[in-house]
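Inspection log for the structure reproduced underneath, given as C-alpha cells.
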Amino acid sequence: MKRNFINFSITILLAILLSLFLPWWSVMVAAFLTSIFLSLKKSAVFFVPFLAIAILWMLHAFYLSNGNDFILAKKIAVLLPLNGNASLLILVTGIIGGIAAGFSGVFGKQCLKILNK
C-alpha cells in the first residue's frame, strides 16, 4: 500500500514537472518512468497511474474552466455528445488522460520485465 502511494505521488509530481516542457503526452512519460523505477504488482500497475493522472487532469480542467465560469467547457460539451454538461466533459477528460497513463504504466512494467531477463 505504501509503494502504491509513493508511485501515485511521484507520478503526479513528475507529470506536473514534465508538463512544463512537454505536450499532453508527458503524463505517459511520467507513468512509464515511475513504473520502471517503482514497479507495482498486478492490477496496481494500471490503476495507480490511471488514478494519479485522471485526478490531476480533472483538477486542472476544473481549475481552468472555473476561471471563465465554465463557458468554454459548456461549448465544447455541446460539440461532443455530452448535452452541454461541463462536469461530464471534465470527467471524460480525466478518463482519457488516465487511460493513457495506465497503459503507459503497463508498458513500463513490461519493459522492466524484458530488461530483467
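Would you confirm, using the coordinates I've provided, whether K113 is of a type in the set (K, R), under 25 Å from M1 (Cβ atoms), in contact with a Lys or Arg (Cβ under 9 Å, 6 or more places away or on another chain) and free of Cβ contacts under 8 Å to residues at least 40 places away in the same chain? Criteria not met by K113. For K41, indicate whether it is among the charged types (D, E, K, R) and either at pLDDT 95 or above or open to solvent by less than 80 Å² (accessible area, probe 1.4 Å) (or both). When the stated conditions are applied, K41 does not pass them.
In the range 77-90, which residue that is of a type in the set (A, V, I, L, M, F, W, C) and farther than 20 Å from S19 by Cβ is surrounded by the fewest Cβ atoms within 10 Å (Cβ to Cβ)? So the residue we want is L79. Tell me, yes or no, whether the range 42-58 has at least one residue that is in contact with a helix residue (DSSP H, G or I) (Cβ under 9 Å, 6 or more places away or on another chain), among the charged types (D, E, K, R) and without any contact (Cβ under 8 Å) to a residue 12 or more places away in the chain. Checked the range 42-58: no residue is in contact with a helix residue (DSSP H, G or I) (Cβ under 9 Å, 6 or more places away or on another chain), among the charged types (D, E, K, R) and without any contact (Cβ under 8 Å) to a residue 12 or more places away in the chain. The one condition from (1) without any contact (Cβ under 8 Å) to a residue 60 or more places away in the chain; (2) closer than 24 Å to I16 by Cα that G108 does not meet is (1).
Condition test on A101, is it hydrophobic (A, V, I, L, M, F, W, C) and either over 19 Å from F8 (Cβ atoms) or modelled with pLDDT under 95 (or both)? When the stated conditions are applied, A101 does not pass them.
Within the group A52, A61, which residue is in a helix (DSSP H, G or I), open to solvent by less than 50 Å² (accessible area, probe 1.4 Å) and over 15 Å from R3 (Cβ atoms)? Explain how you work it out, then say what you get.
Values: A52 fails: over 15 Å from R3 (Cβ atoms).
From the options A52, A61, the qualifying one is A61.
Report, by residue number, each residue of the range 1-13 that is closer than 15 Å to H60 by Cβ and either open to solvent by 90 Å² or more (accessible area, probe 1.4 Å) or without any contact (Cβ under 8 Å) to a residue 60 or more places away in the chain (or both). Before the answer, list the steps.
Going residue by residue through the range 1-13, those that are closer than 15 Å to H60 by Cβ are 11-13.
I12, L13, listed by residue number.
The values are calculated or read from the model by the stated rules, or taken from the named source; none is laboratory data. Keep in mind it's a predicted model, so treat the numbers as computed, not measured. Quick reminder, even Gly has a Cβ in these numbers, built from the backbone with ideal geometry, and neighbours come from all protein chains shown. Ligands, DNA and RNA are stripped out before the accessible areas are found, and what is left, the full protein with its side chains, is counted by its heavy atoms. Shrake-Rupley method; radii C 1.70, N 1.55, O 1.52, S 1.80 Å.
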